[in-house]
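The values are calculated or read from the model by the stated rules, or taken from the named source; none is laboratory data. Just so it is clear, the model here is predicted, and its values are computed rather than measured. Counting neighbours? That spans all protein chains shown, and the Cβs are built from the backbone with ideal geometry, glycine included.
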Amino acid sequence: MLQSLEPLPADPILGLSAAARADDNPDKVDLTVGIYMDDAGVCPVFKAVQLAQKALEAEEVTKAYLPPAGDEQFNRCMQHLVLGVGSPALGAGRVCSIQTPGGCGALRIGAEVIFAAAPDARVWISDPTWPVHIPLVGSVGLGFETYRYYNVADHGVDFEGMVADLRHARAGDVVLLHGCCHNPSGADLTLEQWEVVAGMAEAQGFTPFVDIAYQGLGDGLDEDAAGVRLLVERLPEVVIAASCSKNLGLYRERTGAAIFVCQDAANAQTVLNQAKAAARRVYSMPPAHGALLAGRVLGDTGLDALWREELEQMCARINGLRSDLRAALEKASGRDFAFIEKEKGMFSFLGLAPAQAQRLRAEFSVYMLDSSRINVAGVNAGNIDYLAQCVAKVL
Ligand SMILES: Cc1ncc(COP(=O)(O)O)c(C=O)c1O
């Protein structure tokens, strides 16, 4: 039976990252995968997480399963982190959530619950979006529509195009939005634009599904959640997929949360049971380690303060790199790269053609996606000038 399977092409992101790892050019620059790296090119463990881990090791007495909804403390902390402690929706008891294996697990559980409620729902995704959205959400059985999002010529959000396309979203449809730090473009909605989207959801009846995988890496924890909080304030229903991979550095621990803001408390209980049933049929119980660490960090005043400080430094470094990269590219090429400084989070398109991105790989061992999406956090003091000179050469 297995003999009948056809070989698959390499994953467009992980395949390139593997090629970069295998490249023995000492000057190589890997800007492919979306992990935060420090100036030494290392994806660090947060000190707050290390301290939580020591405490957990000293106290842990069992490795018995967590329940399908995961750890209660983690779920509570994640609701506070994403929605804000004083969220009226939380106060009204109309929010439920479950711990999931990463943001990907949250997207999957969100999609499973949406499919159970409305199998004919069309999911509107931004053009472009993170490519993994399509298999993660689509393999549940939901169909897709796309809305215009990024204007290549202006290096910014094509909000007019977005609104024109979303005019066709109707009650029973779902609009997948990036809460902050849009992947792959780094171009985010302004608060006024979030207001417009909320108004359209109200008037047309569609349900926002917000993927927030980079909270704290754009402008700050509260600033980055402002869009999703605005939707929650105004709308009866919002589905949210949150990740602790980047902002707590828990990538391999697979830690995330699917959060459902529902019309009322009774519906929230029903949705919680549906989400638990979805978890049961997909993977049964979530992995414990990362969520127990995150719950400890977020639930402890001292560790939480330390973590916030570390995250702020990370965010400041990314924004500093954006300014430095803009300056280096402008100096090397004589062209305008101001957009890099305006965009948010770890990603931006450099605005190169696929052939130019391929030439950067083949001739200079500079690895980025063919779309010229780069991970800004992969830039550092040791590679920035080389990178800028190579980009100038292919331009
Ligand atoms: C846009 C987006 N959503 C969700 C995720 C989920 O990440 P994870 O499953 O590692 O938490 C990622 C990770 O790269 C992402 O870029």
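Can you tell me which residue within region 94-106, out of those that are among the hydrophobic types (A, V, I, L, M, F, W, C) and more than 10 Å from the ligand (Cβ to nearest atom), is nearest to the chain's Cα centre (by Cα)? Before you say what the answer is, go through the steps one by one.
Our first condition is that a residue be among the hydrophobic types (A, V, I, L, M, F, W, C); within region 94-106, this holds for 95-96, 98, 104, 106.
Now drop any that are not more than 10 Å from the ligand (Cβ to nearest atom), which leaves 95-96, 98.
Numbers: Val95: 21, Cys96: 20, Ile98: 17 Å.
Only one residue tops the list, namely Ile98.
Hey, can you tell me all the residues within region 240-265 that are away from the ligand (no atom under 13 Å from the Cβ) and aliphatic (A, V, I, L, M)? It would help to see each step written out before you state the result.
Taking region 240-265 first, the residues away from the ligand (no atom under 13 Å from the Cβ) are 259-265.
Listed by number, the residues that qualify are Ile259, Val261, Ala265.
Just need a number here: residues in region 176-207 that are of a type outside the set (S, T, N, Q) and either part of a loop (DSSP other than H, G, I, E, B) or within 15 Å of the ligand (Cβ to nearest atom) (or both). Give the steps one after another, and end with the answer.
Here is the first cut: in region 176-207, the ones of a type outside the set (S, T, N, Q) are 176-182, 184, 186-189, 191-192, 194-203, 205-206.
Now restrict to residues that are either part of a loop (DSSP other than H, G, I, E, B) or within 15 Å of the ligand (Cβ to nearest atom) (or both): 176-182, 184, 186-189, 205-206.
Matching residues across region 176-207 total 14.
In region 232-264, which residues are farther than 14 Å from Ser97 by Cβ, touching a residue at least 40 places away in the same chain (Cβ under 8 Å) and not in a loop (DSSP other than H, G, I, E, B)?
Glu233, Tyr251, Glu253
Working carefully through the options Glu237, Glu310, Glu233, Glu341, find the one that is away from the ligand (no atom under 16 Å from the Cβ) and out of contact with any helix residue (DSSP H, G or I) (no Cβ under 8 Å at 6 or more places or on another chain).
Working: Glu310 fails: out of contact with any helix residue (DSSP H, G or I) (no Cβ under 8 Å at 6 or more places or on another chain); Glu233 fails: out of contact with any helix residue (DSSP H, G or I) (no Cβ under 8 Å at 6 or more places or on another chain); Glu341 fails: out of contact with any helix residue (DSSP H, G or I) (no Cβ under 8 Å at 6 or more places or on another chain).
Checking each option against the conditions leaves just Glu237.
Could you check region 127-140 and list, in sequence order, the residues that are surrounded by fewer than 17 Cβ atoms within 10 Å (Cβ to Cβ) and under 16 Å from the mean Cα position of the chain (by Cα)?
Step one: list which residues in region 127-140 are surrounded by fewer than 17 Cβ atoms within 10 Å (Cβ to Cβ), which gives 127, 131-132, 134-135, 138-139.
Across region 127-140, the qualifying residues are Asp127, Pro131, Val132, Ile134, Pro135.
Against the definition (at pLDDT 95 or above, at positive phi, out of contact with any strand residue (DSSP E or B) (no Cβ under 7 Å at 6 or more places or on another chain) and more than 15 Å from the ligand (Cβ to nearest atom)), how does Gly91 come out, yes or no? It would help to see each step written out before you state the result.
On the way: at pLDDT 95 or above: yes; at positive phi: no; out of contact with any strand residue (DSSP E or B) (no Cβ under 7 Å at 6 or more places or on another chain): yes; more than 15 Å from the ligand (Cβ to nearest atom): yes.
Taking the combined requirement at face value, the residue does not satisfy it.
With respect to the numbered conditions (1) over 25 Å from Lys63 (Cα atoms); (2) more than 21 Å from the chain's Cα centre (by Cα), which one is the sole condition not fulfilled by Val232?
The failed condition is (2).
Looking at Pro12, Pro7, Pro67, Pro26 in this structure, which one is touching an Asp or Glu at 6+ places or on another chain (Cβ under 9 Å), surrounded by fewer than 18 Cβ atoms within 10 Å (Cβ to Cβ) and either under 26 Å from Gln389 (Cβ atoms) or not aliphatic (A, V, I, L, M) (or both)?
Working: Pro7 fails: touching an Asp or Glu at 6+ places or on another chain (Cβ under 9 Å); Pro67 fails: touching an Asp or Glu at 6+ places or on another chain (Cβ under 9 Å); Pro26 fails: touching an Asp or Glu at 6+ places or on another chain (Cβ under 9 Å).
Being touching an Asp or Glu at 6+ places or on another chain (Cβ under 9 Å), surrounded by fewer than 18 Cβ atoms within 10 Å (Cβ to Cβ) and either under 26 Å from Gln389 (Cβ atoms) or not aliphatic (A, V, I, L, M) (or both) holds for just one of Pro12, Pro7, Pro67, Pro26, which is Pro12.
Is region 141-163 home to any residue that is crowded, with 17+ Cβ neighbours inside 10 Å, over 21 Å from Gly227 (Cβ atoms) and within 16 Å of the ligand (Cβ to nearest atom)?
So far as region 141-163 goes, no, none of its residues is crowded, with 17+ Cβ neighbours inside 10 Å, over 21 Å from Gly227 (Cβ atoms) and within 16 Å of the ligand (Cβ to nearest atom).
Among all residue pairs at least 6 apart or on different chains, which show Cβ distances below 8 Å where the first residue, located in region 87-104, is without any contact (Cβ under 8 Å) to a residue 12 or more places away in the chain and the second is away from the ligand (no atom under 16 Å from the Cβ) and hydrophobic (A, V, I, L, M, F, W, C)?
Within 8 Å, the pairs are Leu90/Leu83.
Considering only region 107-128, state which residues are among the small types (Gly, Ala, Ser) and within 14 Å of the ligand (Cβ to nearest atom).
Taking region 107-128 first, the residues among the small types (Gly, Ala, Ser) are 110-111, 116-118, 121, 126.
The answer is Gly110, Ala111, Ser126.
Exactly one of these conditions fails for Ala279: (1) part of a loop (DSSP other than H, G, I, E, B); (2) within 16 Å of the ligand (Cβ to nearest atom); (3) among the small types (Gly, Ala, Ser). Give me its number.
Of everything listed in (1) part of a loop (DSSP other than H, G, I, E, B); (2) within 16 Å of the ligand (Cβ to nearest atom); (3) among the small types (Gly, Ala, Ser), Ala279 misses just condition (1).
Restricting to region 22-73, give me the number of residues that are over 21 Å from the mean Cα position of the chain (by Cα), of a type in the set (S, T, N, Q) and closer than 23 Å to Leu350 by Cα.
Of the residues in region 22-73, 1 are over 21 Å from the mean Cα position of the chain (by Cα), of a type in the set (S, T, N, Q) and closer than 23 Å to Leu350 by Cα.
Looking at (1) free of Cβ contacts under 8 Å to residues at least 40 places away in the same chain; (2) surrounded by fewer than 16 Cβ atoms within 10 Å (Cβ to Cβ), can you tell me which one Ala116 breaks?
Among (1) free of Cβ contacts under 8 Å to residues at least 40 places away in the same chain; (2) surrounded by fewer than 16 Cβ atoms within 10 Å (Cβ to Cβ), Ala116 violates only (1).
Considering only region 286-302, I want to know if a residue exists there that is of a type in the set (Val, Ile, Thr), surrounded by fewer than 20 Cβ atoms within 10 Å (Cβ to Cβ) and within 16 Å of the ligand (Cβ to nearest atom). Steps first, answer last, please.
Filtering region 286-302 down to residues of a type in the set (Val, Ile, Thr) leaves 297, 301.
Keeping just the survivors that are surrounded by fewer than 20 Cβ atoms within 10 Å (Cβ to Cβ) gives 301.
Still in the list and also within 16 Å of the ligand (Cβ to nearest atom): none.
Scanning region 286-302 turns up no residue that is of a type in the set (Val, Ile, Thr), surrounded by fewer than 20 Cβ atoms within 10 Å (Cβ to Cβ) and within 16 Å of the ligand (Cβ to nearest atom).
Quick one: would you say Asp224 is among the acidic types (Asp, Glu), under 19 Å from Ala377 (Cβ atoms) and within 16 Å of the ligand (Cβ to nearest atom)? Give the steps one after another, and end with the answer.
Details: among the acidic types (Asp, Glu): yes; under 19 Å from Ala377 (Cβ atoms): yes; within 16 Å of the ligand (Cβ to nearest atom): yes.
When the stated conditions are applied, Asp224 passes them.
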